[in-house]
Every structure is written in structure tokens, then in C-alpha cells.
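Trainee: The structure's right below; bear with me while I get my questions together.
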Amino acid sequence: MIKLIEVVQTNMNDYSLREVYVNPSHVVYLREDFTMQNRLHEGKSNFPSELDTRQTFTRVQIHNGTTGTEFVVIGPPKVVEEKLNNSAKKRELLHG
């Protein structure tokens, strides 16, 4: 499991952050979320003050059995992918 920071819409124009733990083997896709970047950059929505207007976001889809769950996390897809891959490498078994 890896920890990512999820962006959660609390009401129409307000957002908050929370930790989400993801099983890398259940990730279906990663896609940069330009809509969320535009909302932050335009300043029309209320994001937590710790986010810089240059921040990028990634939409992550998780397969959980018969359905998928999609959410937005902080960071570009490349960084999220590296976190997912590093987690998978740490769990490799040594053959000897």
C-alpha cells in the first residue's frame, strides 16, 4: 500500500485534502487532471491554502472487484507512477 494525498470536494466550490492508501496492483490508469488544475489556477474554488497555483493533479482509477473507483490526487502522473512502481519493487521476493 502507498499513501497519496487525495483532493476531496466538500461542497460546490470547496475542497479539502486527506490521505488515501492505494494497493498499486489495483490501479487501472493514471491521467493528468487539467480540470482540477484550472479550478485551482483560476481561484474560483476554495482549495486548502497549502496548495500552490502551479500544483498538478492526477486522476487515479482503482479496480475493486466488479466496479472501479476514481479519485484525484496531488502530483503529476509521472510522480504518482514512480511511487506505485517503487512500492512494487520493495515487495519483490529474493530468489536464491
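The values are calculated or read from the model by the stated rules, or taken from the named source; none is laboratory data. The structure displayed is predicted, hence computed values, not measured ones. Neighbour counts are summed over all protein chains in view; Cβ atoms, including those assigned to glycine, are modelled from backbone coordinates with ideal geometry.
Trainee: Within region 1-55, can you find the residues that are in contact (Cβ under 8 Å) with a residue 12 or more places away in the chain and small (Gly, Ala, Ser)?
Mentor: Result: Ser16, Ser25, Ser45.
Trainee: How many residues does region 21-39 hold that are hydroxyl-bearing (Ser, Thr, Tyr) and within 14 Å of Ile5 (Cα to Cα)? First the steps, then the outcome.
Mentor: Here is the first cut: in region 21-39, the ones hydroxyl-bearing (Ser, Thr, Tyr) are 21, 25, 29, 35.
Next, only the ones that are within 14 Å of Ile5 (Cα to Cα) stay: 21.
Within region 21-39, residues that are hydroxyl-bearing (Ser, Thr, Tyr) and within 14 Å of Ile5 (Cα to Cα) number 1.
Trainee: What are the residue pairs meeting all of these: first residue in region 56-83, first residue over 14 Å from Val22 (Cα atoms) and without any contact (Cβ under 8 Å) to a residue 40 or more places away in the chain, second residue assigned to a loop (DSSP other than H, G, I, E, B) and hydroxyl-bearing (Ser, Thr, Tyr), Cβ atoms under 6 Å, and 6 or more apart or on different chains?
Mentor: Going by the 6 Å Cβ cut-off, there are no qualifying pairs.
Trainee: Do we have any residue at all in region 37-46 that's among the hydrophobic types (A, V, I, L, M, F, W, C), surrounded by fewer than 17 Cβ atoms within 10 Å (Cβ to Cβ) and modelled with pLDDT of 90 or more? Spell out the reasoning first.
Mentor: Applying the first criterion (among the hydrophobic types (A, V, I, L, M, F, W, C)) to region 37-46 yields 40.
Filter once more, keeping what is surrounded by fewer than 17 Cβ atoms within 10 Å (Cβ to Cβ): none.
Within region 37-46 (the criterion being among the hydrophobic types (A, V, I, L, M, F, W, C), surrounded by fewer than 17 Cβ atoms within 10 Å (Cβ to Cβ) and modelled with pLDDT of 90 or more), the answer is no, since none of the residues qualifies.
Trainee: Right, next: Yes or no: Tyr15 touching a Lys or Arg at 6+ places or on another chain (Cβ under 7 Å), part of a strand (DSSP E or B) and hydroxyl-bearing (Ser, Thr, Tyr)?
Mentor: Working: touching a Lys or Arg at 6+ places or on another chain (Cβ under 7 Å): no; part of a strand (DSSP E or B): yes; hydroxyl-bearing (Ser, Thr, Tyr): yes.
So Tyr15 does not fit the description; no.
Trainee: In region 74-84, is there at least one residue being in a loop (DSSP other than H, G, I, E, B), surrounded by 14 or more Cβ atoms within 10 Å (Cβ to Cβ), modelled with pLDDT of 95 or more and small (Gly, Ala, Ser)? Show your work before the answer.
Mentor: Start the filter on region 74-84 by keeping residues that are in a loop (DSSP other than H, G, I, E, B), which leaves 75-76.
Subset that is surrounded by 14 or more Cβ atoms within 10 Å (Cβ to Cβ): 75-76.
Narrowing the set further to residues that are modelled with pLDDT of 95 or more leaves 75-76.
Restricting the remaining residues to those that are small (Gly, Ala, Ser) gives 75.
Yes, region 74-84 has at least one match.
Trainee: Based on what the data block shows, is Glu19 acidic (Asp, Glu) and modelled with pLDDT of 95 or more? So that I can check it myself, show each step before the final result.
Mentor: Values: acidic (Asp, Glu): yes; modelled with pLDDT of 95 or more: yes.
So Glu19 fits the description; yes.
Trainee: Do we have any residue at all in region 55-67 that's in a helix (DSSP H, G or I) and surrounded by 16 or more Cβ atoms within 10 Å (Cβ to Cβ)? Steps first, answer last, please.
Mentor: Restricting attention to region 55-67, the residues satisfying the condition of being in a helix (DSSP H, G or I) are none.
Scanning region 55-67, I find no residue that is in a helix (DSSP H, G or I) and surrounded by 16 or more Cβ atoms within 10 Å (Cβ to Cβ), so the answer is no.
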